[in-house]
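Student: Here it is: the structure, laid out below.
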Amino acid sequence: MNVIDLRSDTVTRPSEAMRRAIVEAPLGDDVYREDPTIAKLEVLGAEMTGKEASLFMASGTQGNLIALLAQCARGDGVVLGKDSHIYNYERGGLAVLGGLMPLLVEEREGLPEEEGVFGWCRSANVHFNPAKMVCLENTHNRGGGYAVSPEKFRAFAEKAWNKGLRIHLDGARLWNAAVKYDVPLRSYTDWVDTVQLCLSKGLGAPVGSLLCGSRNIIESAREWRKVVGGGMRQAGVLGAAGIYALENNVSRLAEDHRKAALLADLLRSGGVDALYGEHSTNMVFLTTRGFDRSAPELSERCAARGVLFGGMGDSLRCVAHLDVSEEQIRTAAKIILEEL
């Protein structure tokens, strides 16, 4: 059976060209800072984000965690959106390993609500965890792949900085936002202290993320990476895939956005409530409202016919990526509508 996998953009496999880059990569011991391929990748990441340095990480979760550990002390408060990836899907690492206090706020249109964020910026008091940092997410996963515009993002960041907050950006899919608005990555990264960028989602690399920031923060992050077991030896086999992804797979993200929009249009034509709007990117969320099937039933029946997608609460998430063609998108929509 030919499977159409719409569960996530993490399911992609390296192309033949990427595999050749992996095989041909010059290698060294990265713990000794002797891997030339990782060094090249980290320079590329720093240049693209306008930061002084970057550090290769095994995953986005590791990158987010280490960004917090490198900038906050035990007992500090970290302001998080209630729907953020860091709060919902990273196993509470900031509390378990960092002793950091999540300070939760509501979110709207991809950003934490300002009133909630700045409400945590209280005067010094022995009873309170001081709010040290706010974490943002762009594009926003549970927000439907919502891409916050550069203008709106900058306005929020300036207010946060003025309140004395540091800013970490979970930019796992930040390239999707940059491509959506046709702007350089620095349109976002200039307004944060640190940013984590995934190479293994829409860009198609098999493993890895970059954490970018000032030289001092990245040196501290390097120590914390060692603490959590993230130091790798001949990591250039992974770094080569990341370099290939950055040099070849960024602009093509627009194709994924078009495929997601097509899927949403096809589903809507069949009466399905599909969430996809002007700020959406490569994700389509749908519900089974108005039909006899529940979301789990639909997922199970479609999986039996080779169409896979993920669940998120009462919604189902379909993610377009480089390993799914337009023809497969049309086939997936047809099967979903037939099963409804």
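The values are calculated or read from the model by the stated rules, or taken from the named source; none is laboratory data. Quantities reported herein were computed from a predicted structural model and do not represent experimental measurements. No Cβ is skipped: glycine too gets one built from the backbone with ideal geometry, and neighbour counts run over all protein chains shown. These accessible areas exclude ligands, DNA and RNA; they are computed on the full protein's heavy atoms, side chains included. Shrake-Rupley method; radii C 1.70, N 1.55, O 1.52, S 1.80 Å.
Student: Quick one: is residue 103 surrounded by 21 or more Cβ atoms within 10 Å (Cβ to Cβ), in a helix (DSSP H, G or I) and at pLDDT 95 or above?
Tutor: Taking the combined requirement at face value, the residue does not satisfy it.
Student: Give me the residue from region 281-335 that is among the aromatic types (Phe, Trp, Tyr) and closer than 15 Å to residue 268 by Cβ and, out of that set, modelled with the highest pLDDT.
Tutor: Among them, the one singled out is 285.
Student: Right, next: Here's a check for you: in region 256-287, which residue that is open to solvent by 10 Å² or more (accessible area, probe 1.4 Å) and of a type in the set (Asp, Glu) is farthest from residue 336 (Cα to Cα)?
Tutor: 278
Student: Among the listed residues 227, 250, which satisfies the condition of being surrounded by fewer than 15 Cβ atoms within 10 Å (Cβ to Cβ) and either of a type in the set (A, V, I, L, M, F, W, C) or closer than 30 Å to residue 98 by Cβ (or both)?
Tutor: Matching residue, one of 227, 250: 227.
Student: If only one of 42, 24 is among the charged types (D, E, K, R), open to solvent by 20 Å² or more (accessible area, probe 1.4 Å), touching a helix residue (DSSP H, G or I) at 6+ places or on another chain (Cβ under 9 Å) and more than 22 Å from residue 217 (Cβ to Cβ), which one is it?
Tutor: Step by step, each of 42, 24 is checked, and only 24 is among the charged types (D, E, K, R), open to solvent by 20 Å² or more (accessible area, probe 1.4 Å), touching a helix residue (DSSP H, G or I) at 6+ places or on another chain (Cβ under 9 Å) and more than 22 Å from residue 217 (Cβ to Cβ).
Student: If the Cβ limit is 8 Å and pairs must be 6+ apart or interchain, which residue in region 22-50 that is in contact (Cβ under 8 Å) with a residue 12 or more places away in the chain and closer than 20 Å to residue 230 by Cα pairs with which residue that is open to solvent by 80 Å² or more (accessible area, probe 1.4 Å) and among the hydrophobic types (A, V, I, L, M, F, W, C)?
Tutor: Going by the 8 Å Cβ cut-off, the qualifying pairs are 35/27; 36/27; 37/27.
Student: Separate question: Please list, ordered by first then second residue, the pairs with beta carbon atoms under 6 Å, 6 or more apart or interchain, first in region 265-294 and in a loop (DSSP other than H, G, I, E, B), second open to solvent by 20 Å² or more (accessible area, probe 1.4 Å) and of a type in the set (Lys, Arg).
Tutor: Listed by first residue and then by second, the contacts come to 281/180.
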